[in-house]
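Peer 1: Just dropping this structure here.
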Amino acid sequence: MMEERDAWDTILVLKMDRIHRNSRNFMEMMESLSAAEKDFVSATESLDTTTAMGRFVMDIIQRIAQLESEQIGERVYIGMSQKAKTGPGVLGFPAPLGYEVSDGALQINDREAVIVRDIFERARAGQTMEAIASGLNADGVVTKRGREWTAVKIYRITNSTFKTISVYIEGDPRFKRIKKATKPTLFAWAQKEYLNLVRMQDAGVRVPTPIRVEDNVLVMEYIGDETMPAPLLRNVTLDDPQAVLNDVVVNLRAMRKAKLVHADLSEYNLLFWDGRVVVIDVGQSVPIDHPRAAEWFQRDLANIARYFHRLRVDVTPASLERAVLEG
């Protein structure tokens, strides 16, 4: 920052303790600013550094900030030390999925490692976090603690997949002013999926009914019964694949009516319940005037055609497109 001081005149901070919590470092910075004839301004504090009393008050505030910082550090150290002595695993934390603790060190758990590799393979294949969680639950795979998988747990393991969601937000006219940062993007993603669900349902697409969205949490209808959640289409043996394809086409036509493209449609993003498909994972869905909507629509058609062609249905991406657009 100081190397670029010729490009600015003033350092503006919300509070003085936001820039330094070390008194010595702060005073050295102030001396450097004074020598360079640069100003320091706190937006929430009135400090007059041109007087002896003002400099004294500033020094006291900075020393209090340093005291708070050191006390917090001491408390955290004491807490972590106690957790490391009494808690499980390494340093008091349980071993992550794919590992176990042996002789005080992490060792690969071969059985769990298979699950971790499966998660990453599903992510590399383009599945969303919700689809991965549903797939694992449908396959009877449980978490390390023996519970069902959720999108939150999957996200903690495959957090690199977060980088891909901004692609579906950029270019969507409904979210032009979203900042390119983690929290605003996550909040926008939840809002986007909620709005897409409402829009699709209004147009006749069979989707889970959206109930509420707040920050990055979206609540929607549960598809299934008290004994099991609705399985993914890929995990179902179909008696009449042609009839199911016809049902998919009906939903694709309704999406066009909603002026949306799913943008990630495949057997991994369709549930099958009561003999009909239910469209899920619509967070990435974009309006048909999105710059990449046509490209992603073709990808949806290719994925669906590929899946049903494997089930010996006479379908191609081109014939599927005609059925959707001309039907």
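The values are calculated or read from the model by the stated rules, or taken from the named source; none is laboratory data. As the structure is a prediction and not an experimental result, all values here were calculated from the model. Positions of Cβ are generated from backbone atoms using ideal geometry, with glycine treated the same way; all protein chains shown enter the neighbour counts.
Peer 1: Any idea which residue in segment 30-40 is farthest from Lys15 (Cα to Cα), counting only those that are touching a residue at least 12 places away in the same chain (Cβ under 8 Å) and assigned to a helix (DSSP H, G or I)?
Peer 2: Here the answer is Ser32.
Peer 1: Taking Ala263 as the residue in question, decide whether it is part of a loop (DSSP other than H, G, I, E, B) and more than 21 Å from Ala138 (Cα to Cα).
Peer 2: The answer is yes for Ala263.
Peer 1: Still on this structure, I have one more. Looking only at residues that are buried (at least 18 other Cβ atoms within 10 Å of the Cβ) and of a type outside the set (Gly, Ala, Ser) in segment 220-246, which one is nearest to Lys192 (Cα to Cα)?
Peer 2: Only one residue fits best here, namely Ile223.
Peer 1: Could you give every pair whose Cβ atoms fall below 6 Å, whose first residue belongs to segment 214-229 and is in contact (Cβ under 8 Å) with a residue 12 or more places away in the chain, and whose second residue is of a type in the set (Ser, Thr, Tyr), counting only separations of at least 6 or pairs across chains?
Peer 2: Final answer for the pair search is Leu218/Tyr194; Glu221/Thr209.
Peer 1: May I pose another question? Restricting attention to segment 262-296, which residues are over 26 Å from Glu221 (Cα atoms) and either in contact with a His (Cβ under 9 Å, 6 or more places away or on another chain) or aromatic (Phe, Trp, Tyr) (or both)?
Peer 2: Trp296 - this is the single residue of segment 262-296 that is over 26 Å from Glu221 (Cα atoms) and either in contact with a His (Cβ under 9 Å, 6 or more places away or on another chain) or aromatic (Phe, Trp, Tyr) (or both).
Peer 1: Right, another one. Given the criteria assigned to a loop (DSSP other than H, G, I, E, B), in contact with a helix residue (DSSP H, G or I) (Cβ under 8 Å, 6 or more places away or on another chain), under 27 Å from Asp139 (Cα atoms) and at pLDDT below 95, does Asp281 qualify?
Peer 2: yes
Peer 1: Just one of (1) assigned to a helix (DSSP H, G or I); (2) among the charged types (D, E, K, R); (3) more than 23 Å from Val217 (Cβ to Cβ) trips up Glu130, so point out which.
Peer 2: Unmet condition: (3).
Peer 1: Just to verify a result, which residue in segment 112-129, among those that are surrounded by fewer than 19 Cβ atoms within 10 Å (Cβ to Cβ) and out of contact with any Gly (no Cβ under 7 Å at 6 or more places or on another chain), is nearest to Val282 (Cα to Cα)?
Peer 2: Among residues in segment 112-129 that are surrounded by fewer than 19 Cβ atoms within 10 Å (Cβ to Cβ) and out of contact with any Gly (no Cβ under 7 Å at 6 or more places or on another chain), the one nearest to Val282 (Cα to Cα) is Gly126.
Peer 1: Could you grab the pairs with beta carbons closer than 7 Å, sequence gap of 6+ or different chains, first residue in segment 56-75 and on the phi > 0 side of the Ramachandran plot, second one at pLDDT below 75 and surrounded by 14 or more Cβ atoms within 10 Å (Cβ to Cβ)?
Peer 2: none
Peer 1: All but one of (1) modelled with pLDDT of 75 or more; (2) farther than 30 Å from Val41 by Cα hold for Gln82; state the number of the condition that does not hold.
Peer 2: Only one criterion is unmet by Gln82, namely (1).
Peer 1: Exactly one of these conditions fails for Gln298: (1) surrounded by 15 or more Cβ atoms within 10 Å (Cβ to Cβ); (2) under 30 Å from Phe175 (Cα atoms). Give me its number.
Peer 2: (1)
Peer 1: Going through segment 243-257 one residue at a time, which ones are over 25 Å from the mean Cα position of the chain (by Cα) and either of a type outside the set (Val, Ile, Thr) or not assigned by TED's automatic domain parsing to the domain that holds Arg322 (or both)?
Peer 2: Ala243, Leu245, Asn246, Asp247, Asn251, Leu252, Arg253, Ala254, Arg256, Lys257
Peer 1: Name every residue in segment 95-108 that is farther than 11 Å from Lys144 by Cα and not aliphatic (A, V, I, L, M), in order of residue number. Even if it seems obvious, please write down each step before you answer.
Peer 2: Taking segment 95-108 first, the residues farther than 11 Å from Lys144 by Cα are 101-108.
Across segment 95-108, the qualifying residues are Ser102, Asp103, Gly104, Gln107.
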